[in-house]
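Asks: Sending over a structure as structure tokens; questions will come in a sec.
No value in this document is a laboratory result; all are computed from the given coordinates. Note that the coordinates shown come from a computational prediction; the quantities given were computed from them, not determined experimentally. Heads up, the Cβs are rebuilt from the backbone with ideal geometry, glycines too, and the neighbour counts pull from every protein chain shown.
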Amino acid sequence: MPPRSGKLFKAQSLEDAETVYSKLDGFSVSEKFDDGYHNFNLITNIEELQLHKDGVDGLFRYDYVMTTTHRNGVSCTLITQDCPFRILWGIGVAWILVLVKKVKANRVAVKLGEILNADVREADIFSEDMNRYIQRNDKTKVVLFDNMDFPGVDKSTLYGQELVQTTLFKELADHGLPKWIVTESEAHGYTVGIGGDVGVTIYNNVEVLDYINFVKDEILPLVK
């Protein structure tokens with residue numbers, strides 16, 4: 001199984017779980033694709049919807065066309081993308097977690113916001129919260145710093161098994177913002193990549209529920 005990726009979004013004006021479930025239940029739309037040579041019916045729908053005490057789970061599925069060229073012209077292939085998601089409620093805030101790579105996760109989150117008539121925006125892990133997470137975890141192996149204030153240097157990356165204890169890490173932390181890290185979760189034992197835009201990749205072989213539980217336990221407390 002490849003690494004499992006996802007991204008967390010903040011949802012404004014989201015109603016209660018039962019209302020959200022009813023709006024998503026049975027959602028399905030289709031559109032025609034016709035380039036003069038190929039004719040497809042592209043379906044976007046929601047399946048496997050479940051209502052839990054702490055959220056709503058579902059599978060957002062959409063079709064798209066991939067075109068390839070060869071000596072005799074253009075060939076089109078119809079592909080279905082599956083995107084598991086969970087909607088969570090906190091104190092005064094709701095979150096949408098989409099389990100797919102960032103670009104596709106952005107598309108799915110926007111579409112879910114349209115269906116639910118909610119304002120969906122990117123979440124953030126502020127640099128000080130990321131720094132505290134790194135300081136608590138001495139198994140951090142990679143840190144990408146952004147917005148460096150050194151002349152002529154905008155980004156810098158540190159690699160190493162014990163980099164958090166080095167003087168170079170402390171110096172760079174004073175002059176830049178940690179925007180991406182690779183670390184090992186002490187509680188779950190996963191090797192994970194965490195971005196300031198709350199993109200999360202688990203490099204171990206994990207199921208959807210494992211991924212969701214990791215985000216709930218270790219990422220949500222960091223997010224603003």
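Asks: What does the charge dipole of the chain about its Cα centre add up to, to the nearest 20 debye, if the Cβ of each Lys and Arg holds +1 and the Cβ of each Asp and Glu holds -1? Write down the numbers at each step before the final one.
Replies: Numbers: 24 positive and 33 negative charges, 88 e Å.
Value, rounded to 20: 420 debye.
Asks: For a protection proxy built on the mean count of beta-carbon atoms within 10 angstrom, sort 99-105, 57-63 highest first, please. Display every interim value, and only then the final one.
Replies: Numbers: 99-105: 17.6, 57-63: 19.6.
My ranking of the peptides, most packed first, is 57-63, 99-105.
Asks: Looking at this model, which pairs from K141/K216; K111/K224; K53/K139; K102/K216; K10/K32 are more than 25 angstrom apart at the alpha-carbon?
Replies: On the way: K141/K216 22 Å; K111/K224 22 Å; K53/K139 34 Å; K102/K216 18 Å; K10/K32 32 Å.
Among K141/K216; K111/K224; K53/K139; K102/K216; K10/K32, the Cα-Cα distance tops 25 Å for K53/K139; K10/K32.
Asks: Based on other C-beta atoms within 10 Å, arrange H52, H70, H188 from fewest to most.
Replies: Values: H52 12, H70 7, H188 16.
Listing H52, H70, H188 from fewest to most nearby Cβ atoms yields H70, H52, H188.
Asks: Taking 30 Å as R0, compute the FRET efficiency from the Cβ-Cβ separation of K224 and Q165 and round it to 0.05.
Replies: Values: r = 28 Å, r/R0 = 0.92.
With a Förster radius of 30 Å, E is 0.60.
Asks: Further question: In nanometres, what is the gap between the two model label sites at D217 and E31, each 7 Å from Cα along Cα-to-Cβ?
Replies: 4.0 nm
Asks: Ok, one more. Subtract the Cα-Cα distance of V208 and D16 from 0.36 nm times their separation in residues, and report this length gain in nm to one decimal. Mind showing how you got there, number by number?
Replies: Values: separation 192, 0.36 × 192 = 69.12 nm, distance 2.31 nm.
So the extension gain works out to 66.8 nm.
Asks: Taking other Cβ within 10 Å of each residue's Cβ, how do I91, I96, I43, I125 sort, fewest first?
Replies: Numbers: I91 4, I96 26, I43 14, I125 23.
Placing the least packed residue first, the sequence is I91, I43, I125, I96.
Asks: Still on this model: Spelling out what I want: for every residue of segment 119-125, take phi, set θ = phi - 60°, compute 6.51 cos²θ - 1.76 cosθ + 1.60 (Karplus), and round to whole Hz; glycine and proline get x.
Replies: Karplus-based 3J(HN,Hα) across segment 119-125 equals 8, 9, 10, 5, 8, 9, 9 Hz.
Asks: Also, I was wondering about something else. Would you mind ranking L220, L97 so that the residue whose beta carbon has the fewest other beta carbons within 10 Å leads the list? Please list the in-between numbers first.
Replies: On the way: L220 16, L97 26.
Result, fewest neighbours first: L220, L97.
Asks: Follow-up. Between T68 and H175, what is the FRET efficiency for a Förster distance of 41 Å, r being their Cβ-Cβ separation, to the nearest 0.05? Kindly include the intermediate steps, with their values, before the conclusion.
Replies: Numbers: r = 46 Å, r/R0 = 1.12.
Working from the Cβ atoms, E equals 0.35.
Asks: Among the chymotrypsin sites (Phe, Trp or Tyr not before Pro) within segment 138-206, which fall in a DSSP loop and have no more than 16 other Cβ atoms within 10 Å of their own Cβ? Mind dumping the intermediate values first?
Replies: Values: sites: F145, Y159, F169, W180, Y190, Y203; in loops: Y190, Y203.
Listed in order of number, the matching sites are Y203.
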